[in-house]
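The block underneath contains the structure these notes are about, expressed in structure tokens.
The values are calculated or read from the model by the stated rules, or taken from the named source; none is laboratory data. What you see is a predicted model; the values in this text were computed from it and never measured. Quick reminder, even Gly has a Cβ in these numbers, built from the backbone with ideal geometry, and neighbours come from all protein chains shown. In case anyone asks, the SASA skips ligands and DNA or RNA and just uses the protein heavy atoms, side chains included. Shrake-Rupley method; radii C 1.70, N 1.55, O 1.52, S 1.80 Å.
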Amino acid sequence: MAREFTSVGVVGLGTMGAGIVEVFARNGIDVVAVEISEAALDRGRANLTGSTDRAVARGKLAEADRDALLARVDFAVGLDALHSVDLVIEAVPEHLDLKQRLFAELDRICKPEAILATNTSSLSVTEISVATARPNQVVGIHFFNPAPVMKLVEVVRTVVTSADVVADVEALCARLGKVDVTISDRAGFIANALLFGYLNHAVDMFESRYATREDIDAAMKLGCGLPMGPLALMDLIGLDTAYEILDTMYRRGGRDRRHAPVPLLKQMVTAGLLGRKSGRGFYTYERPGSPKVVPDEQTPTTTEPALTDAVLTTVGIVGSGTMATGIIEVFAKAGYEVVSVTRGAEQSAKVFEAVQTSLNKGVVRGRLSEADRDAALGRINWSATLEHLADVDLVVEAVVEELSVKKALFASLDEICKPGVVLATTTSSLPVIEVAMATQRPADVVGLHFFNPAPAMPLVEIVRTIRTSAETIATAQAVSATVGKTGVVCGDRSGFIVNALLFPYLNDAVRMLEASYSTTDDIDHAMKLGCGYPMGPFELLDVVGLDVALAIQRELYLELREPGFAPAPLLEHLVTAGYLGRKTGRGFRDHTRR
Ligand SMILES: NC(=O)c1ccc[n+]([C@@H]2O[C@H](COP(=O)([O-])OP(=O)(O)OC[C@H]3O[C@@H](n4cnc5c(N)ncnc54)[C@H](O)[C@@H]3O)[C@@H](O)[C@H]2O)c1
């Protein structure tokens with residue numbers, strides 16, 4: 001018969017512990033909540049009441065339920081209060097020696113049948129378990145932050161954890177309304193193993209001034225639909241905890257350089273900038289523990305003097321593919337006169353039809369009036385000769401992704417376009433400086449990386465080469481805003497912000513699958529339910545196309561020579577086998593069967 005858990009103990013009431021207390025107490029389980037000192041206990045109590053009060057204020061919890069919840073929690077200093085609980089879960093700082101000492105103590109104090117669990121994110125559950133005389137009753141129960149919100153729990157089974165303990169903990173997770181994935185004891189388990197390389201890379205971009213904190217975060221939120229950007233997430237996790245997790249993953253996980261904590265992290269931790277919990281991390285918060293960001297010296301001011309007085313009315317768009325078509329629609333809808341240049345009348349007719357169909361959809365969905373549709377279509381001039389771009393104020397190029405083709409095009413634009421015009425490329429993988437140097441005016445050349453489908457995706461990456469002028473960037477920012485997009489500025493490196501952060505993570509998921517650590521379904525679940533991603537990595541890969549993912553990953557690897565970026569052999573094999581994702585009916589999943 002499954003074990004009954006009537007009372008549980010939680011040790012450490014910081015970011016995670018307080019949330020875990022809330023999860024148990026909300027589900028009718030009595031909790032003994034333990035801290036190291038009276039002061040820490042007060043902070044823990046405040047963490048819990050702060051969170052439940054917010055839930056009441058948001059109408060997610062009735063006042064009476066909050067009171068009942070709080071009445072189920074006994075607060076105590078010291079571990080002795082845990083002598084009769086059925087399960088203890090610890091959430092003390094991420095240090096192996098601390099956790100081992102704690103487990104030895106718990107083993108002495110707790111009743112013999114009690115299960116001892118760790119919420120560690122990266123340490124070896126096995127190493128923690130052998131500090132006790134009951135390693136078969138030690139298990140990892142890894143909650144996600146914020147624990148009351150995130151649905152996922154990773155249950156970590158060591159080689160000695162007994163099967164009935166795992167089964168009982170799985171049943172407990174179900175009772176708590178959580179979805180569990182049960183896995184073996186590997187650094188970072190599923191979610192953190194895939195998440196922390198990405199987070200560290202984002203910190204590296206920030207440290208090297210590749211982009212601002214706001215732009216890095218906006219890029220990942222708007223480009224990938226993530227609930228928060230990586231730097232805001234680091235602040236939520238806690239920089240000290242993140243540092244320890246990265247450090248452990250580096251040492252336990254094969255010394256992958258991508259897990260070596262970026263030096264800035266250590267500096268911030270030393271300076272006491274721990275994120276939300278200390279009131280300041282990458283961002284500044286209203287007060288310690290508050291989720292509310294307040295302006296600080298790094299906050300961009302909206303009153304900055306406009307660097308651009310350029311009045312843009314006419315935009316030339318070169319190309320006839322998916323991106324060009326979407327970009328034509330974006331500019332025409334925003335009120336610009338558009339000159340579309342394709343290779344011939346046939347292509348122009350196709351693009352016209354595609355734009356019309358897309359605008360019609362807007363009308364059917366009630367997002368666009370018929371008059372606005374007709375006006376937008378009327379603003380587009382169709383041409384097959386570049387000479388028609390002689391008078392435009394901006395050119396956006398979206399032709400085939402081949403450097404020689406783009407360079408030749410930019411050389412022609414240089415001869416045709418009037419001086420001072422901004423020349424933009426939508427390349428997603430080629431160096432923008434290469435096309436800039438094909439002209440005599442590299443200061444006027446910029447990357448404008450739209451996302452697919454351009455009319456729907458709210459993000460544009462504005463790529464600054466080492467020759468791009470500040471005026472050109474200002475114009476690109478102004479144009480992005482006028483067409484209703486958020487423009488984020490970044491350097492001219494392979495993958496810009498979004499692809500450079502996204503694809504290595506997808507590649508890591510393929511490696512994890514290849515290593516048989518987990519399944520496609522569990523990995524997808526872990527990222528969706530543990531980290532709030534809109535799609536799991538394999539779902540996304542099947543949508544993006546495995547061939548596209550492989551090509552981007554290869555580019556990243558070639559430019560940065562980072563061993564961890566080498567494309568996963570399984571990805572290469574699937575592409576070779578023609579399993580490219582949804583478009584061929586099969587990728588990581590078979591889409592032909594329903
Ligand atoms: N922060 C996250 O997003 C996150 C997510 C999942 C798991 N975790 C894991 O949870 C654990 C705790 O992380 P956190 O971010 O909550 O840390 P934290 O620093 O916010 O909280 C740790 C708490 O433990 C208390 N503590 C320290 N030593 C103690 C002792 N000997 N006895 C009792 N209490 C003690 C501290 O006073 C503090 O309140 C770590 O193992 C971490 O890896 C963290």
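General remarks:
- Bridge type composition, the chain - antiparallel percent by DSSP, nearest 5: 20
- Average accessible area per residue (Å²) across the chain - probe 1.4 Å, nucleic acids and ligands excluded: 42
- Charge-dipole axis of the chain as Lys and Arg at +1 and Asp and Glu at -1 on Cβ define it, positive-most pick from 181, 295, 328: 181
- Couplings 3J(HN,Hα) of segment 110-119, computed from phi: 6, 5, x, 7, 5, 8, 10, 10, 10, 9 Hz, in residue order, whole Hz [Karplus 6.51 cos²θ - 1.76 cosθ + 1.60, θ = phi - 60°; x for Gly and Pro].
- Tensor-based shape of the chain (alpha-carbon gyration tensor, a/c under 1.5 rounded, otherwise prolate or oblate): prolate
- Ignoring the sites themselves, the chain has its longest run without GluC sites (Glu not before Pro) in a DSSP loop having at most 14 other Cβ atoms within 10 Å at 403-594.
- With the simple spin-label model, which puts each label point 7 Å out from Cα in the Cβ direction, the residue 36 to residue 6 separation comes to 3.3 nm.
- For the pair residue 133 and residue 334, the difference between a 0.36 nm per residue extended length and the Cα-Cα distance amounts to 65.4 nm.
- The string of couplings for segment 138-152 from the Karplus curve (6.51, -1.76, 1.60, θ = phi - 60°) is 10, 8, x, 10, 9, 7, 10, 9, x, 4, x, 9, 6, 7, 7 Hz, one whole number per residue in order, with x for Gly and Pro.
- Environment charge at residue 274 (Cβ cut-off 14 Å; Lys +1, Arg +1, Asp -1, Glu -1): +2
- Rounded to the nearest 20 debye, the dipole size of the chain about its Cα centre is 540 debye, using +1 on the Cβ of Lys and Arg and -1 on the Cβ of Asp and Glu.
- Trypsin sites (Lys or Arg not before Pro) restricted to DSSP loop in segment 221-328 with at most 11 other C-beta within 10 Å: 255, 292
- Shape of segment 240-343, Cα gyration tensor, a/c cut at 1.5: oblate
- In order along segment 228-240, phi translates into HN-Hα couplings of 8, x, x, 6, 5, 5, 4, 4, 5, 5, x, 5, 5 Hz, rounded to whole numbers, per the Karplus curve 6.51 cos²θ - 1.76 cosθ + 1.60 with θ = phi - 60° and x for Gly and Pro.
- The calculated FRET efficiency for the pair residue 83 and residue 266, based on their C-beta separation and a Förster distance of 51 Å, comes to about 0.85.
- Greater than 22 Å apart at Cα, pairs in 99/151; 221/485; 361/406; 277/528: 99/151; 361/406; 277/528
- Pairwise centroid distance, computed over Cα atoms, of segment 15-32 with segment 443-510, Å: 43
- Using a simple spin-label model with pseudo-atoms 7 Å out from Cα toward Cβ, residue 405 and residue 360 lie 2.8 nm apart.
- Backbone amide hydrogens, once placed in the peptide plane, bring residue 448 within less than 5 Å of 425, 426, 427, 463, excluding anything fewer than 5 places away on its chain.
- A Förster distance of 51 Å, applied to the separation of the beta-carbon atoms of residue 412 and residue 294, puts the FRET efficiency at 0.55.
- Cβ-derived FRET efficiency at R0 25 Å, residue 175 paired with residue 58, nearest 0.05: 0.55
- Fraction of beta bridges assigned by DSSP in segment 376-504 that are antiparallel (%, nearest 5): 25
- Three-way shape call for segment 70-164 based on the alpha-carbon gyration tensor, with the a/c threshold at 1.5: rounded
- Environment charge of residue 544, counting only residues whose C-beta is closer than 12 Å and scoring Lys/Arg +1, Asp/Glu -1: -1
- Qualifying trypsin sites (Lys or Arg not before Pro) for segment 46-138 [loop in DSSP, other Cβ within 10 Å: at most 15]: 58, 60
- Between helix 345-364 and the chain: long-axis angle, C-alpha atoms, 0 to 90°, nearest 10: 50
- Distant-in-sequence amide H partners of residue 130 (H built 1.01 Å from N, under 5 Å): none
- Applying 0.36 nm per residue to the separation of residue 160 and residue 98 and subtracting their alpha-carbon distance, the gain on full extension is 20.2 nm.
- Stretching residue 72 away from residue 343 to a fully extended chain increases their span by 90.3 nm, per 0.36 nm per residue minus the current alpha-carbon distance.
- Summed side-chain charge close to residue 587 - residues other than residue 587 whose Cβ falls under 15 Å, Lys, Arg +1, Asp, Glu -1: -3
- Per atom type, segment 61-203 shows carbon and sulfur on 53% of its accessible surface, probed at 1.4 Å.
- Cα long-axis angle, helix 213-224 against the chain (0 to 90 degrees, to the nearest 10): 80
- The angle between the Cα long axis of helix 403-416 and the main principal axis of the chain comes to about 50°, on a 0 to 90 degree scale.
- Computed [θ] at 222 nm, helices only, for the chain once each DSSP H run of length n ≥ 4 contributes -39500 (n - 2.57): -13500 deg cm²/dmol
- Annotation: amide H-H contacts under 5 Å for residue 317 (H modelled 1.01 Å from N, sequence separation of 5 or more, or interchain): 339, 340, 341, 396.
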